Amino acid sequence: MFRRKKKDEPTEAPVAPEPTEVAATAADTEPAAEASATPEAERATEVRASAEAGAVKQDEKRASASRRGNRVQKVGTVSSDKMQKTVVVRVDRLVLHPKYRRYVRRTSKFMAHDDLGATAGDRVRIVETRPLSAKKRWRVVEIVQKAAK
């Protein structure tokens, strides 16, 4: 299973972000702030620095979202929509039989959170997400094809 880390073991240090243009412009404006002695100029410099810090934080958020990677997506058919904001999605896949060398259909059923209002028979795309309940770990992203009525 999992092994606890010992205190003396080296851990992987996070990679420091590369300096961006925003940081370079902040370094360029610091000497100008020292040269100006008026309170208005100092206040303007503080506001500019806080705005640049906010921009850096947004860049870090985008970078962390991309570090999370691509989440698993599956396309399946809604087999049940009798629950509130939950649908059961049946995903079919073809597997090569090891002995007979024929393709066999295997089905898996996933419970997915549905804010879009999918009904039974719809083809939907689901994406993996954090656990939403005891059995729900998927979310409906889009309705690919509505059911024929």
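What follows draws every value from the coordinates through simple rules; no lab data is involved. Remember, predicted model here, so these are calculated numbers, not experimental data. Ideal geometry is used to build each Cβ from the backbone, glycine not excepted, and the neighbour counts take in all protein chains shown.
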Quick check on my link table: of K109/K146; K82/K149; K74/K149; K99/K135, which ones sit more than 29 Å apart, alpha carbon to alpha carbon? K99/K135
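For the peptides 141-149, 120-128, what is the packing order when you average, over each peptide's residues, the other Cβ atoms within 10 Å and list the highest mean first?
Details: 141-149: 11.7, 120-128: 17.7.
The packing order, highest mean first, is 120-128, 141-149.
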Two-decimal log10 I(q)/I(0) for the range 73-145, as the Debye equation yields it once each C-alpha is a single scatterer, q = 0.14, 0.24, 0.25 Å⁻¹: -0.44, -0.97, -1.04
Taking the Cα centre of the range 73-145 as origin and charging only Cβ (+1 Lys, Arg; -1 Asp, Glu), how large is the dipole, in debye to the nearest 20? 560
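Can you sort D92, D81, D114 by how many other beta carbons sit within 10 Å, fewest first? Let's see the in-between values first.
Details: D92 11, D81 18, D114 25.
Ordered by Cβ neighbours within 10 Å, fewest first: D92, D81, D114.
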